[in-house]
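Following: one structure in structure tokens, then a few remarks.
We did not get these values from a lab; they are worked out from the coordinates using the rules stated. Note that the structure is a prediction, hence the values are computed from the model and not measured. We place every Cβ from the backbone using ideal geometry, glycine too, and count neighbours over all the protein chains shown.
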Amino acid sequence: MSAVVGAFVALVSVAVLGYVIGRIGVLRAEDELVLSRLAFFVATPALLFTTVARADLHSIFSPVALTNLASLLVVQVVFVVMALVWRRTRSQATIGVLASSYVNAGNLGVPVAAYVLGDGALVAPIVLFQLLVMAPIAFAVLDGDRQGSGRRVSLRTLLTRPLRNPLTVASLLGLLVASLGVDLPPVVMRPIDLVAAAAVPVGLVAYGLSLSSGTRDSIIIRRDVVLAVLLKVFLQPLAAYAVGRWLLDLHGHALLATTLLAALPTAQNVYVYAVHYRTTRTLARSAVLLSTLLSIPIMTAIVGVLG
């Protein structure tokens, strides 16, 4: 229990720090763009590389991975259908899909898996799927939408666009290192680890700093936000439980693991992506904050019931 609460306290505390330094004038609210770009182009790629390079690739095909894949597909389909009904743009729908399904596997998933479930490797397949499948697809859509619907994108451009994204490149390089079993020397990994360590705090400070801006970009409760948060904190863990319990016949620790990891809140990376592509920042920011707050009692309840 304390590990779950402690992980959330750490997450919220750094975001609050960003808010405070914005309010007292140490940094300006406009500086969030600089910090977000630093996280997107430098720190987060380093974190992705080190995470994937050290992952056990055989764990990708575990029951936990299958159940979480099924649950996120369920919530993504629901959000896409509603986005079509509400006539949202492709960029808005993409950020909404990420906000409703892209779990905080790196910052919160790892400590939860290690200290609550007793096996940090359980979260590895979720990290890999989000980095190597979900994120590149989302970037391809967002990049294409940013070019404008009037421009015709060639097949070559479409296929090579993900390779021009630093997050995708870092993930693929990490996958290459892991698949070859290469043990990079400390002189190479230590500088990357130092930069990677800045990804989470820089992203969180940028997030908190954005909250200090006040009126125009303040958090609002609207139907897109409500839908994304409800899908993330309620439907996704319920779908993971249903798939694990009644389709894969999981019990005990395995069922707890898949349900608990599906209940992780929206990753702050979604907000970084929204800032970088300059679309639907309020939706991303609101989903991160509200899902984080709601996930605390929900994950605690899951551990109490299934544990």
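Of the trypsin sites (Lys or Arg not before Pro) in the stretch 204-307, which ones lie in a loop per DSSP and count no more than 14 other C-beta atoms within 10 Å?
Sites meeting the loop and neighbour criteria: Arg216, Arg222, Arg278.
Which order, highest average first, do 16-27, 128-139, 186-197 follow once you tally other Cβ atoms within 10 Å for each residue and take the mean per peptide?
Numbers: 16-27: 15.9, 128-139: 19.8, 186-197: 13.2.
Peptide ranking by packing, descending: 128-139, 16-27, 186-197.
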Task: Charge dipole of the chain about the Cα centre (unit charges at C-beta), most positive-ward option of Gln236, Ala99, Leu248 - done: Ala99
Task: Options Leu27, Trp86, Leu167, ranked by Cα towards positive dipole end of the chain, top entry (Cβ charges) - done: Trp86
Open item on the list: Relative contact order for the chain: what percent, with Cα pairs under 8 Å and sequence separation of 6 or more?
Closed with: 36 percent
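Among all helices in the chain defined by DSSP H, which have a length of 15 Å or more along the axis from Cα atoms plus a Kyte-Doolittle mean of at least 0.5? Could you put the intermediate results ahead of the total?
Working: long enough: 2-23 (30 Å, 1.95); 63-85 (34 Å, 2.29); 90-101 (16 Å, 0.38); 135-147 (18 Å, 0.28); 166-180 (21 Å, 2.03); 199-211 (19 Å, 1.78); 252-262 (16 Å, 1.42); 281-306 (35 Å, 1.57).
TM-like helix candidates: 2-23, 63-85, 166-180, 199-211, 252-262, 281-306.
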Task: For the stretch 2-306: span of alpha carbons on each principal axis (Å, largest first) - done: 48, 45, 44
Task: Computed helical MRE - 222 nm, the chain, DSSP H runs ≥ 4 contributing -39500 (n - 2.57), nearest 500 - done: -20500 deg cm²/dmol
Open item on the list: Test of understanding: in a Gaussian network model of the chain with alpha carbons linked when under 10 Å, which of Asn104, Asn165, Asn269 would top the mean-square fluctuation ranking?
Closed with: Asn165
Open item on the list: Cut-off 10 angstrom, C-alpha nodes, Gaussian network model of the chain. Which of Ser36, Ser212, Ser179 fluctuates the most?
Closed with: Ser179
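For the stretch 41-109, what is the per residue volume of the convex hull drawn over the alpha-carbon atoms, in cubic angstrom? Before the final figure, lay out each step's value.
Values: hull volume 7.1 nm³, N = 69.
Convex hull of Cα atoms, per residue: 103 Å³.
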Task: Cα-centre dipole for the chain with unit charges at Cβ (Lys and Arg positive, Asp and Glu negative), debye to 20 - done: 1120 debye
- [ ] Determine how many Å³ per residue the convex hull of the Cα atoms of the stretch 196-307 encloses.
- [x] 126 Å³
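Treating the beta-carbon of each Lys and Arg as +1 and of each Asp and Glu as -1, no other charges, what is the dipole magnitude of the stretch 1-124 about its Cα centre, to the nearest 20 debye? Please report the intermediate quantities before stating the final value.
On the way: 7 positive and 5 negative charges, 80 e Å.
My answer is approximately 380 debye.
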